[in-house]
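Notes for the one structure printed next.
The values are calculated or read from the model by the stated rules, or taken from the named source; none is laboratory data. For clarity, every value in this text was computed on a predicted model and none was experimentally measured. For the accessible areas, the whole protein counts, side chains as well, though only heavy atoms, and no ligand, DNA or RNA atoms are used. Shrake-Rupley method; radii C 1.70, N 1.55, O 1.52, S 1.80 Å.
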Amino acid sequence: QVQLVESGGGLVQAGGSLRLSCAASGRTFSRYTMGWFRQAPGKERKFVAVINWSGDNTNYVDSVEGRFTISRDNAKNTVYLQMNSLKPEDTAVYYCFADYAYYGNDPRKYDYWGQGTQVTVSS
């Protein structure tokens, strides 16, 4: 079992940057595919980015491609989401997830989740 704890959210002006972190417990962290979803108020949870266990394969939703970068440090059991050129529409609670593979963009397919961290981008 994996426990996930996100950090790094906050309030930032449009055009600014934030780096989210997701620290995982468990000795098998390096076996898991990791990623991020986000959920805006009153909306469904949406896929943002994913990284495979070795870190050499990533995938992003089109709306963040070129602005966000997902990475991981298996020695630290941590996955990161570097967010640059932030826009007001990026405002959401960001959730880290973990599972044995990337199963697509339906959040119901993933077993392990963090508690979420709020990102607010002001215009």
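Report those strands (runs of 3 or more DSSP E) wholly inside the stretch 5-57 carrying at least 2 residues which are open to solvent by less than 50 Å² (accessible area, probe 1.4 Å) and among the β-branched types (V, I, T).
45-51
Out of the residues in the stretch 80-123 that are part of a loop (DSSP other than H, G, I, E, B) and closer than 17 Å to R31 by Cα, state the one that is least open to solvent (accessible area, probe 1.4 Å).
Here the residue is Y110.
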